[in-house]
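Data block below; observations after.
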Ligand SMILES: C[S@@+](CC[C@H](N)C(=O)[O-])C[C@H]1O[C@@H](n2cnc3c(N)ncnc32)[C@H](O)[C@@H]1O
């Protein structure tokens, strides 16, 4: 069985609860260094950082015995811009998914922003559909280094729109930083790992 577990935004108090029994019987616990860091110490020796390329990751998993108990830790929720879909399609009938708190949900709670009617998207390794985004009232986005808070803000500015942005960096960690400001005030600087909300000003 391959169990994909969403670990939440990062800090262990927001995820992993109730998974001790699974860790105990697992043969391998896969995840990035950041994800494996929050594994209870007694299971740390089972940790494996898999290759990032999907083909190589698949080969690694296939190299394990068919009856191996494999856990894959992923950030946030596995089915919100995570590996959940790929895993369930690549290993049909072998995968179980445990949902976690998405970084988007975490940010929403920190700023008391309901997610009702929100549109969720990502700029991870792709250019998002900015025209669609800008036509909507409330958009949550996970980002990457190429299209981050400043680039998103510039899409608002160049359309002459008035939108508020909420930028949540390193959410749930000690150096968490949440900034709420009009799009035109978003600085061109280096941002830590972040979630961005773009919404109509009220
Ligand atoms: C591949 S996506 C995974 C999203 C994840 N499945 C979720 O539900 O949160 C990775 C992106 O999620 C966002 N992210 C994940 N954890 C975060 C955190 N603790 N603080 C800020 N952003 C985070 C960042 O935009 C990061 O580039």
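The values are calculated or read from the model by the stated rules, or taken from the named source; none is laboratory data. Computed from a prediction, not measured in an experiment: that's the story for all the values here. A quick note on method: Cβ atoms are made from the backbone with ideal geometry, for glycine too, and the neighbour counts reach across all protein chains shown.
For the range 157-173, the candidate set comprises residues that are within 16 Å of the ligand (Cβ to nearest atom) and buried (at least 16 other Cβ atoms within 10 Å of the Cβ); within that set, the residue that is farthest from residue 100 (Cα to Cα) is 165. Taking residue 128, is it modelled with pLDDT under 95 and in contact with a strand residue (DSSP E or B) (Cβ under 6 Å, 6 or more places away or on another chain)? So residue 128 fits the description; yes. Of the set (1) away from the ligand (no atom under 13 Å from the Cβ); (2) closer than 17 Å to residue 124 by Cβ, all apply to residue 86 but (1). Looking across the range 106-117 at every residue that is in a loop (DSSP other than H, G, I, E, B) and in contact (Cβ under 8 Å) with a residue 40 or more places away in the chain, the one that is surrounded by the fewest Cβ atoms within 10 Å (Cβ to Cβ) is identified as 111.
Scanning the range 55-69 for residues that are within 16 Å of the ligand (Cβ to nearest atom) and under 18 Å from the mean Cα position of the chain (by Cα) turns up nothing.
Restricting to the range 1-12, give me the number of residues that are outside any loop (DSSP other than H, G, I, E, B) and touching a residue at least 60 places away in the same chain (Cβ under 8 Å).
6
Assess whether residue 19 counts as being more than 16 Å from the chain's Cα centre (by Cα), within 24 Å of residue 105 (Cβ to Cβ) and in contact (Cβ under 8 Å) with a residue 12 or more places away in the chain. The answer is yes for residue 19. Does residue 103 satisfy the criteria of being within 16 Å of the ligand (Cβ to nearest atom), surrounded by 21 or more Cβ atoms within 10 Å (Cβ to Cβ) and under 30 Å from residue 58 (Cβ atoms)? So residue 103 passes the test. Are any residues in the range 29-45 buried (at least 18 other Cβ atoms within 10 Å of the Cβ) and over 17 Å from the mean Cα position of the chain (by Cα), and if so, which ones? Correct list: 29, 39. Every listed requirement among (1) part of a helix (DSSP H, G or I); (2) touching a helix residue (DSSP H, G or I) at 6+ places or on another chain (Cβ under 6 Å) is met by residue 196 save one, (1). One residue stands out among those in the range 121-150 that are closer than 17 Å to residue 182 by Cα and without any contact (Cβ under 8 Å) to a residue 24 or more places away in the chain: the one that is surrounded by the fewest Cβ atoms within 10 Å (Cβ to Cβ), which is 135.
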